[in-house]
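Novice: Pasting a structure below so you can have a look.
Here, each number is a calculation from the coordinates, and none is a lab measurement. Because the structure is a prediction, the values reported are computed rather than measured. Reconstructed Cβ throughout: ideal geometry from the backbone, glycine too, with neighbour counts over all protein chains shown.
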Amino acid sequence: MKNGYNTSRLGHVIAFMLLVAAGLFIQRGYMYEYPSHIHAWAEQDHYALSLGFINNGFDLFHPETMIYNKQFPGWWHEAYDDTVTAVDFPIHEYCIALLMKLLGTTSPWVFRLWTLLCGFLGLFFLYKVAYHITSDVTKSILVAAIALCSPVYAYYLNGFLPGIPSLSLGIIGLWFYLQYHDGGLCKHFHFCIAFLTLAMLMRTTFAIELIAIVCFELLRAFRKESSFLDKIPSLLIAVVSFSAYFFWNRHLRINHGSIFLSELLPPENWEDTKELLNDTYHKWKFHYFQRFQYHVFMLIAVLSVGFGIFKLLRKEKASSQHSLSLWWLPLIETFGCLLFSVAMMQQLPNHDYYLIDSFFLPLLIIIILALKALPKFPMVWGALSVGAVCAVMLIQVRQEQFNRRVSENYALTSYQHFQDADLLLDSLDISREAKILCLYGYAQNGPFIQMKRKGFTVMSDKDNLLESAFTWDFDYIVIENEKFKAHFKDNSILLSRLKRIGGNDHLSVCTADNNWIYQEWQQFISQ
């Protein structure tokens, strides 16, 4: 027994080392990268939250970014007196701020390192979940490798969004639930609910997993397989915690606005539904998983069904246990994810990371249960086959990491143009406390992070937004020359309101000129 335990423990250690090595291989070269590619907007917003905690003395319940005029509810038209924003419980960004303070740097690599460590922890517990169900190290490594090599998972594994840390908490919660399910110790259930509550607070969609587990337990209690009364205390704490932060967040949104979406966006009608689903499918299908991974899924499904039919034909004796099948858990969770997809369908074509927040975990559980139905992999041939599959997935996802960064985009261009913008403003004796009006800098928080100053953003060329902007309490105006020239060089009225006081090849620093002196673009840029 002791030798078997040691062998199993050694296998877990080796599995963890392999997962870390594979993860580092995928992320090699990207640890110092500023968020400037796919979904840089959202990533920069969360990066700004961590910087905000450093700036506000680590006040967890008043999260802030760099923006005074929030996107919601007024779409940047309304300026507030502070940069506080409503957001899901930002403990992830708070921990990163503490780490930045400890290390004495706010460089992006600190954020990426924290998220990467959270991701590794989640992958290891995913491996443990798979091993708990299958009792097969090789199958368990395969499941963790499938998750790691999903292009969308790999991209955000060292990113700035809270999806990866929340998913990791959800996986840990699932592992504790399985300990309870098979061992019966109620403390494991309480640990499960604690981790799922934290995941739900950080990313509301993980309420789906918590509700799925509660529903599964209710079914078990109805079948007299477990009791439910002893679970009520931890569930009450979860409900109270979530409700308390929900109402606090609502208070923040009403009084300070928000840069984060907080409303449901279902399709308008059936035609809209078909169009949105079609766009999502064609845009993200090979971002969710590799083409090769879909073939692997198909092979697992065929072998699992085939082996089940084979056992049925041989009339093998069924298990004497008639407990509720664990298959019900991912099926219930998948139903919840479908409801979420309907509620947020307008967002699906533009947000690939919604997969991590919803279908990713139940799909992985389904894969684990399908692998459980297969015979145990032979030690040598099984390891070689799974190793070959993992190698192909790793090579392809590494290439996909590169592919997601090669196309030109506004975020990358703006990042390049705003490099050392803080030093430019310093050279013009512009205080770090000065409020900057940034015209058309992409995305909303990005330019301010690089300028190391707060201010107002104009993310639209609508005249009414410009009119509102010039009434706000800003000190200086910063424009991106290339973008301004491309879209607004013929806007003589706007140019006549700007007085250029400095800049470089990419940026112009201005003040508002109340004299309204008519000028063309060349006159303006030559000042």
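Novice: Taking a ≥ b ≥ c as the square roots of the Cα gyration tensor eigenvalues, with a/c under 1.5 meaning rounded and otherwise prolate when a/b beats b/c, else oblate, which class fits the stretch 129-185?
Specialist: Oblate, since a/c reaches 1.5 and b/c is not below a/b.
Novice: Are there any trypsin sites (Lys or Arg not before Pro) in the stretch 326-401 that are in a DSSP loop and have at most 14 other Cβ atoms within 10 Å? List them by number.
Specialist: When the trypsin sites (Lys or Arg not before Pro) of the stretch 326-401 are filtered for loop state and at most 14 Cβ neighbours within 10 Å, K376 remain.
Novice: Label the stretch 465-524 by shape, choosing from rounded, prolate and oblate, from the square roots a ≥ b ≥ c of the eigenvalues of the Cα gyration tensor; if a/c is under 1.5 it is rounded, and otherwise prolate applies when a/b is larger than b/c, oblate when it is not.
Specialist: Since a/c stays below 1.5, the shape of the stretch 465-524 is classed as rounded.
Novice: Only residues of the stretch 456-477 count here: report those whose backbone N is under 15 Å from the spot 7 Å along Cα→Cβ of K435, or say none.
Specialist: Output list for this probe position: 456-458, 468-477.
Novice: Also, quick follow-up: Taking the C-alpha atoms of the chain, how large are the radius of gyration and the largest Cα-Cα span, Dmax, in Å?
Specialist: Radius of gyration, then largest Cα-Cα span, for the chain: 26.0, 92 Å.
Novice: Let me ask something else about it. If r is the Cβ-Cβ distance from W516 to W472 and R0 is 22 Å, what FRET efficiency results, to the nearest 0.05?
Specialist: Efficiency computed from Cβ-Cβ geometry: 0.75.
Novice: Next up: Report, largest value first, the span of the C-alpha coordinates of the stretch 171-297 along each principal axis, in whole Å.
Specialist: The principal-axis extents, from largest down, are 51, 47, 25 Å.
Novice: Ok, one more. Cα atoms only: what Rg and Dmax, in Å, come out for the stretch 1-108?
Specialist: When restricted to Cα atoms, the stretch 1-108 yields Rg and Dmax of 20.0, 68 Å.
Novice: Another question, if that's okay. As a test, work out the antiparallel percent of DSSP beta bridges whose residues both lie in the chain, rounded to the nearest 5.
Specialist: 55 percent
Novice: Using every pair of alpha-carbon atoms in the stretch 24-67, split the distances into 10 Å bins beginning at 0 and state the percent of pairs per bin, rounded to integers.
Specialist: Pair shares across the bins are 26, 39, 27, 8.
Novice: Using the membrane-span-like helix rule (whole DSSP H runs, Cα extent along the own axis of at least 24 Å, mean Kyte-Doolittle hydropathy at least -1.0), which helices of the chain qualify?
Specialist: 2-27, 108-134, 163-183, 186-202, 232-256, 291-313, 379-406
Novice: Rounded to the nearest 0.05, what FRET efficiency is calculated for M379 and S496 with R0 set to 60 Å and r the Cβ-Cβ distance?
Specialist: Efficiency for this residue pair is about 0.15.
Novice: Between W270 and L229, how high is the FRET efficiency from 1/(1 + (r/R0)^6) when r is the Cβ-Cβ distance and R₀ = 51 Å? Nearest 0.05.
Specialist: 0.70
Novice: Ok, one more. What is the stretch 397-465 by shape, rounded, prolate or oblate, if you read a ≥ b ≥ c off the alpha carbon gyration tensor as root eigenvalues and call it rounded for a/c under 1.5, prolate for a/b larger than b/c, and oblate otherwise?
Specialist: oblate
Novice: Evaluate the Debye formula for the stretch 68-176 with equal point scatterers sitting on the alpha carbons, no solvent, and hand back log10 of I(q)/I(0) at q = 0.21, 0.24 Å⁻¹, in q order, two decimals.
Specialist: The Debye formula, applied to the Cα set alone, gives -1.08, -1.20.
Novice: Hey, can you grab everything whose amide H is under 5 Å from the amide H of L507? Only 5+ residues off in sequence or another chain; H modelled, so Pro and N-termini drop out.
Specialist: Excluding prolines and chain starts, which carry no amide H, the hits are N481.
Novice: Write out the chymotrypsin sites (Phe, Trp or Tyr not before Pro) in the stretch 467-527 meeting two conditions: DSSP loop, and at most 16 other Cβ atoms within 10 Å of their Cβ.
Specialist: F470, W472, W516, Y518
Novice: Can you compute the helix-only [θ] at 222 nm over the chain? Use -39500 (n - 2.57) per DSSP H run of at least 4 residues, normalise by all residues, nearest 500 deg cm²/dmol.
Specialist: Calculated mean residue ellipticity at 222 nm is -20000 deg cm²/dmol.
Novice: Which value in Å does the Kirkwood hydrodynamic radius of the stretch 417-499 take, with 1/r averaged over all unlike C-alpha pairs and then inverted?
Specialist: Result for the stretch 417-499 stands at 13.1 Å.
Novice: Identify the residues of the stretch 92-127 with backbone N under 19 Å of a label point that sits 7 angstrom from the Cα of V13 along the Cα-to-Cβ direction, or state none.
Specialist: Counting only backbone N, you get 121, 124-125, 127.
Novice: Can you tell me what the convex hull of the Cα atoms of the stretch 305-432 projects to on average, as an area in nm²?
Specialist: Computing the convex hull of the Cα atoms and averaging its projections yields 15.4 nm².
Novice: Give the aspartates and glutamates whose C-alpha is closer than 15 Å to that of K231, dropping any in the same chain fewer than 8 places away, or say none.
Specialist: Once the sequence-local aspartates and glutamates are set aside, what remains near K231 is E217.
Novice: Quick check on my link table: of K283/K483; K283/K485; K311/K376; K274/K372; K452/K483, which ones sit more than 25 Å apart, alpha carbon to alpha carbon?
Specialist: Too far apart for the 25 Å limit: K283/K483; K283/K485; K274/K372.
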